[in-house]
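The values are calculated or read from the model by the stated rules, or taken from the named source; none is laboratory data. Source: prediction; values computed, not measured. Please note: Cβ atoms are built from the backbone with ideal geometry, for glycine as well, and neighbour counts cover all protein chains shown. To get the accessible areas, we keep the full protein, side chains included, count just its heavy atoms, and leave off ligands, DNA and RNA. Shrake-Rupley method; radii C 1.70, N 1.55, O 1.52, S 1.80 Å.
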Amino acid sequence: MTVDPQIAALLERVNAARPLSEGTPEEGRAAFRLLNQLAARVVPQVEVGSVEEVSDAPVPMRIYRPSGDAIATLMFIHGGGFVIGDLDSYDAQCRILCSRVGVTVVSVDYRLAPEHPFPAGVEDALAAFDWVAEHEAGPIVVGGDSAGGNLSTVTAQARRDSGIAAQLLIYPAADLANEYPSMEENGEGLFLTRDDMDWFHHHYLGEDDAARSDPRASPLLADDLSGLPPALVYTAQYDPLRDAGDAYAEALSAAGVEVIHRRFEGLVHGFFGLGPLSRAAQAAIDQICDDLRGVLAESG
């Protein structure tokens with residue numbers, strides 16, 4: 001299957017712009033924020049019951065509450081290669097999850113590299129989880145996309161005895177240490193490039209090979225994956241991170257973890273933010289929301 005035509009048209013514009021890897025982190029953050037905001041303006045804002053900023057948490061947080069009773073609390077950690085991304089960039093995605101799934105979404109910010117390299121993001125994710133577990137009603141789900149998927153499953157590993165209901169991993173960065181065929185196959189012209197990945201990893205981990213193999217950076221390399229919460233793992237056909245995400249889903253299943261794993265054909269890294277621009281991406285987003293709601297209904 002070829003790349004979804006609606007996404008292919010977007011990629012033409014993205015590929016004509018200056019590559020992320022040629023700019024500074026500050027430039028990358030501004031460009032990423034603008035891209036997400038432009039996508040969000042294509043359709044009306046999804047309405048939720050309420051939105052509030054949290055002032056007393058260990059990291060910046062924004063809480064989205066549904067109009068009716070919440071069936072769970074989702075701590076959502078944004079992507080962006082540990083270098084870019086913020087609460088505003090993911091406003092639309094958090095609204096969709098809140099409205100479609102019926103969960104309270106606690107959107108979590110964290111310190112970004114290179115100003116705050118590994119393991120600062122991990123420390124912030126764990127501090128955020130502990131705050132959410134204390135202040136919000138359960139069951140609690142941890143989730144995120146890309147780098148946020150990485151931090152979510154690292155949190156699930158570190159807090160596996162905390163009764164987490166599920167982990168939502170959207171094209172997670174599961175292994176920062178090893179090479180996979182999808183990195184070569186999908187490393188150019190498909191939104192997330194190989195150069196971008198090298199740029200992200202350099203800022204987050206420096207040149208420390210030991211850090212790349214640390215399970216807090218590469219959760220696929222953890223010694224023990226048993227006893228982890230049920231996992232919903234989503235990958236995309238044309239994503240450099242595809243194979244590592246697929247391998248993590250397989251490793252979790254082999255360790256006895258309940259896993260829902262879907263690879264969406266024709267889609268690229270970042271599709272979770274492209275629903276307004278692609279019917280195929282929107283169908284994938286709808287499937288993810290339905291899956292999470294179903295898992296929570298079964299566990300409840």
Discussion item. Let's test the formula: R0 of 22 Å, r as the Cβ-Cβ distance of GLU250 and ASP224. What FRET efficiency results, to the nearest 0.05?
Written reply: 0.90
Discussion item. On the principal axes of its Cα set, how long, how wide and how thick is the chain? Give whole Å, largest value first.
Written reply: 45, 45, 38
Discussion item. Ignoring ligands, DNA and RNA, please state the percent of accessible area on segment 1-142 from carbon and sulfur, probe 1.4 Å.
Written reply: 54 percent
Worksheet, complete the sentence: Computed over segment 100-249, protein heavy atoms only, probe 1.4 angstrom, the accessible area per residue in square angstrom equals 32 Å²
Worksheet item: How much length is gained if the chain between ARG160 and GLU53 is pulled fully straight, taking 0.36 nm per residue apart and subtracting their Cα-Cα distance, in nm to one decimal?
Response: 35.8 nm
Discussion item. Per residue of segment 262-277, what does 6.51 cos²θ - 1.76 cosθ + 1.60 with θ = phi - 60° give for ³J(HN,Hα)? Whole Hz please, x for Gly and Pro, Karplus curve as stated.
Written reply: 10, 9, 8, 6, x, 9, 10, 4, x, 4, 5, x, 10, x, x, 10
Practice prompt. Report the GluC sites (Glu not before Pro) located in segment 200-300 that are in a DSSP loop and have at most 13 other Cβ atoms inside 10 Å of their Cβ, or state none.
Written response: GLU207
Worksheet entry | the chain - mean residue ellipticity at 222 nm from DSSP helices (-39,500 (n - 2.57) per run, n ≥ 4, rounded to 500) | -13000 deg cm²/dmol
Item to complete: Please check which bits of segment 155-174 a label hung off ASP130 would reach, taking the label as a point 7 Å along Cα-to-C-beta and the cut-off as backbone N under 18 Å.
Response: 155-164
Worksheet item: Which one of LEU74, PRO117, VAL101 has its Cα pushed farthest toward the positive end of the charge dipole of segment 56-126, where Lys and Arg give +1 and Asp and Glu give -1 at the Cβ?
Response: VAL101
Worksheet entry | Accessible area expressed per residue, segment 3-70, with surrounding protein chains retained (probe 1.4 Å, Å²) | 62 Å²
Response to the item:
Taking a crude spin-label model, label points 7 Å out from Cα along the C-beta direction, the ASP209 to ALA9 distance in nm is 4.7 nm
Fill in: Stretch gain in nm, segment GLN45-ARG194, where the contour uses 0.36 nm per residue and the Cα spacing is subtracted
50.4 nm
Practice prompt. Quick one: pull the percent of accessible area on segment 162-266 belonging to carbon and sulfur, 1.4 Å probe, ligands and nucleic acids left out.
Written response: 46 percent
Worksheet item: Does segment 139-297 come out rounded, prolate or oblate, given a ≥ b ≥ c as the square roots of the eigenvalues of its C-alpha gyration tensor, rounded meaning a/c under 1.5 and, failing that, prolate meaning a/b above b/c?
Response: oblate
